[in-house]
Amino acid sequence: MTELTMPLAAVEDLCLKTLMAAGATAGNARSVARSTMLAERDGIRSHGLLYVPIYAEHVRCGKVDGKAMPVVDRPRPGAVTVDAATGFAHPAIDHGWPSFIGAARANGVAAMTIYNSYNCGVLGHHAERIAEEGLLGLCMTHAPASIAPPGGRAPVIGTNPFALGVPDGAGGAAIVLDQSASVIAKSEILLRSKEGRRIEPGWAIDALGQPTLDAADALKGSMLPAGGHKGFGIGLLVELLASCLSGAVLSKDASPFSGTAGGPPKTGQCFIAFDPAAFSTGFSQQIAALVDAIAGQEGARLPGAGRRRARGATEAHGIRVDSALIERINSSNR
């Protein structure tokens, strides 16, 4: 495998040009390109450049409307809804953001739901963005079904991640927690399938309900929930808020995020923001004490610390990327 080094700005520019060449508007492409760059910056390869050919393919085949114009509504003072119009989730989130943050500041708490949507990239980046506004953010997104209920074989819910962004009181995030209901993100199994690598024990079962180490068989079967029935319960909670509350389709009815079959997924997201000042005068001090209690222990790692370490290296030196992937992306522009 031949690798080359790319600065982060080049990653963002490549994604932008590729999506516009596929038929996306500059505004829609820009939101997705920034998300792709941030994923590569933080070392989350499964949500970075690897997804760009898929995004472009989905714009071309109509699975995503690259020219979609999101519609923002404010039905109640603390409620913001966004119809993504079967376009990318990122520009829909951006369109609703000012109303969402403004509502949280005015009311102390607010929620924004997005429907007729699509994959929103690294969920933790949206939670971190809320934290950078000085607010406590809780974000949820559901996905096409890939997890069967305990004891079952047919997937009903998606990997359905949630993310928490905690403000540090100085314009940044003290904690970013980002985890899915599954043992591992489905994108990691997709990555290993493309690379011909085996998956780890306990990640998935095949279509017959048997444990498997074969990534292709895992994609035909079911991901396993983290913590058994407790992980499934977390995924179900996310399903209720990101799908049912938002008015999106259920995970079991959503078309896959990979491939061209099935039309737009029409999935959804739910973001909730709390203004700590509306509830407590000692929030920042307690967060600082909590962070010290975790990070101060030898060998302990604060959620989000690994991503922050990766940032320093990639911002300074760029990223290492397979030249075959770059060629695949460039070929989609021709």
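Nothing in this text is a laboratory measurement; each read-out follows from the coordinates by a stated rule. No experiment lies behind these values; they were computed from the predicted model shown. Cβ: placed from backbone, ideal geometry, glycine included. Neighbour counts: every protein chain shown.
Quick notes on this structure:
- Overall form of the chain per C-alpha gyration tensor (a/c, 1.5; a/b vs b/c): rounded
- Spin-label zone in region 148-168 - amide nitrogen under 12 Å from a point set 7 Å from the Cα of Leu208 along the C-beta vector: none
- Extension gain, Ala288-Cys61: 0.36 nm per intervening residue step, less the Cα-Cα distance, totals 76.9 nm.
- Inter-site label distance for His317 and Ala305 at 7 Å from Cα along Cβ, in nm: 2.1 nm
- Panel order for Ile234, Ile326, by other beta carbons found within 10 Å of each beta carbon, from fewest to most: Ile326, Ile234.
- The residues Lys186, Lys252, when put in order of fewest to most other Cβ atoms within 10 Å, stand as Lys252, Lys186.
- The overall shape of region 271-334 is oblate: from the C-alpha gyration tensor, with semi-axes ordered a ≥ b ≥ c, the ratio a/c is 1.5 or greater and a/b is no larger than b/c.
- Asp42 sits among other residues whose Cβ lies under 14 Å from its own Cβ, and their net charge, with Lys and Arg +1 and Asp and Glu -1, is +3.
- Rounded FRET efficiency, nearest 0.05, which uses the C-beta distance separating Ala261 from Arg198 and R0 of 30 Å: 0.70
- Relative exposure of Arg129, Arg197, judged by other C-beta atoms within 10 Å (fewest first): Arg197, Arg129
- The count of lysine pairs in the chain with alpha-carbon distances below 13 Å, taking only pairs 8 or more places apart or on different chains, stands at 4.
- Counted by Cβ distance under 11 Å from Leu213, the other residues give a net charge of -1, where Lys and Arg count +1 and Asp and Glu count -1.
- Cβ-Cβ FRET estimate between Leu237 and Phe279, R0 fixed at 25 Å, reported to 0.05: 0.70
- With a simple spin-label model that places each label point 7 Å from the Cα along the Cα-to-Cβ direction, the separation between Leu177 and Ala324 comes to 3.9 nm.
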